[in-house]
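Notes follow once the structure below has been shown.
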Amino acid sequence: MREVMINGATITQLGAGDFIILTVNGVVYFIVGLLVFLYCENIAMKKGLLAHY
């Protein structure tokens with residue numbers, strides 16, 4: 001993405017490795033975010049904070 005932003009390269013000029021890194025990065029952040037959400041949701045349910053669950 002740095003090449004796109006700084007050097008004005010198009011998205012089609014990036015290599016397959018860049019797309020793999022972007023995909024893995026996105027999946028890791030999604031999984032971490034989902035785990036944090038589920039953990040917080042579990043705590044909220046135990047404390048009875050979700051009244052309309």
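The values are calculated or read from the model by the stated rules, or taken from the named source; none is laboratory data. Everything quoted here is computed from the prediction, not taken from an experiment. Every residue, glycine among them, receives a Cβ derived from its backbone with ideal geometry; neighbour counts consider all protein chains shown. Calculation scope for accessible area: heavy atoms of the full protein, side chains included, ligands and nucleic acids excluded. Shrake-Rupley method; radii C 1.70, N 1.55, O 1.52, S 1.80 Å.
Annotations
- Of the Cα atoms belonging to the chain, the radius of gyration and Dmax stand at 18.8, 52 Å.
- CD proxy at 222 nm, helix term only [per DSSP H run n ≥ 4: -39500 (n - 2.57); per residue of the chain; nearest 500]: -24500 deg cm²/dmol
- FRET efficiency for the pair M5 and Y29, taken as 1/(1 + (r/R0)^6) with r the Cβ-Cβ distance and R0 = 30 Å, rounds to 0.95.
- Excluding ligands, DNA and RNA, the accessible surface per residue across the chain is 90 Å² with a 1.4 Å probe.
- Share of carbon and sulfur in the accessible heavy-atom surface of the chain [1.4 Å probe, %]: 70
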